[in-house]
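Read-outs throughout are calculated quantities, based only on the coordinates presented, and are distinct from any laboratory measurement. Quantities reported herein were computed from a predicted structural model and do not represent experimental measurements. All Cβ positions, glycine included, derive from the backbone under ideal geometry; neighbour counts span all protein chains shown.
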Amino acid sequence: MNCPFCAWSDNRVLESRLAEEGVSVRRRRECKRCRRRFTTYERIEFVPTIVIKRDGRRENFDRTKVLRGMTIACEKTDISQSRIEQLVDDVEAELQQRVSREVNSYEIGDMVLGRLKPLNEVAYVRFASVYRKFQGVADFVGELQKFERVAELDTLKARLERIAANMDEDFQ
């Protein structure tokens, strides 16, 4: 790091501490040549995630688009704005952890749907209707039937688990 006053490259760190809620490090430095002090900040540099749109265009991931879509889907539900922002944080963190810097837009949609489904069926179906481009009532009905099948499978699974537990007790 060159001194901003004399451009000398040799300096020493006097103090380091976390800044900006832990996302950067603030350092007080002193130039060994002119003895003037200056402050530097170190931040993690995130490589932008590129979203491949359905038509093949590429654009940088835009968190506000995901937030806006989820906010609209969650209108008049019991999901708070802070919870929605947390879900968007989760999607963004998952994208940052990926090895590939490119992601298809449908993968982001699937990430959002996966987070909405256990929270609120209405928000899930609203988001799915835009994301999957529902054309009519039949598309809505089909999506709702998926919920019914999953609920039936969950009920069946619970019954089988109870039967298995009873069988274990009988054999002990």
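Under the combined filter of DSSP loop state and at most 11 neighbouring Cβ atoms within 10 Å, the range 1-64 retains these trypsin sites (Lys or Arg not before Pro): R35, K53, R54, R57. Comparing Cα centroids, the range 94-167 and the range 27-84 end up 27 angstrom apart.
Note on K157 and Q81: their simple-model spin labels are 3.5 nm apart, each label 7 Å out from Cα toward Cβ. Between N166 and D62, take the C-beta separation as r, use R0 = 45 Å, and let me know the FRET efficiency to the nearest 0.05. Rounded to the nearest 0.05, the efficiency is 0.30. Based on every Cα atom in the range 10-70, Rg and the maximum pairwise Cα distance Dmax equal 19.5, 57 Å. Springs between Cα atoms under 10 Å define the GNM used for the chain, and in it the highest mean-square fluctuation of E20, E94, E85 occurs at E20. Each listed q (0.18 Å⁻¹) maps to a log10 I(q)/I(0) for the range 50-135 from the Debye sum over equal C-alpha point scatterers, namely -0.75. Within the chain, the whole DSSP H helices whose Cα atoms reach 30 Å or more along their own axis and whose mean Kyte-Doolittle score is at least -0.5 are 137-171. Annotation: extensible slack from I72 through I44 equals 6.9 nm (criterion: 0.36 nm per residue apart, minus Cα-Cα distance).
What does DSSP give for the range 1-145 in terms of the percent of beta bridges that are antiparallel, rounded to the nearest 5?
The antiparallel proportion sits near 85 percent.
Over the chain, the Kirkwood radius and the radius of gyration, each from Cα atoms, give a ratio Rg/Rh of 1.23.
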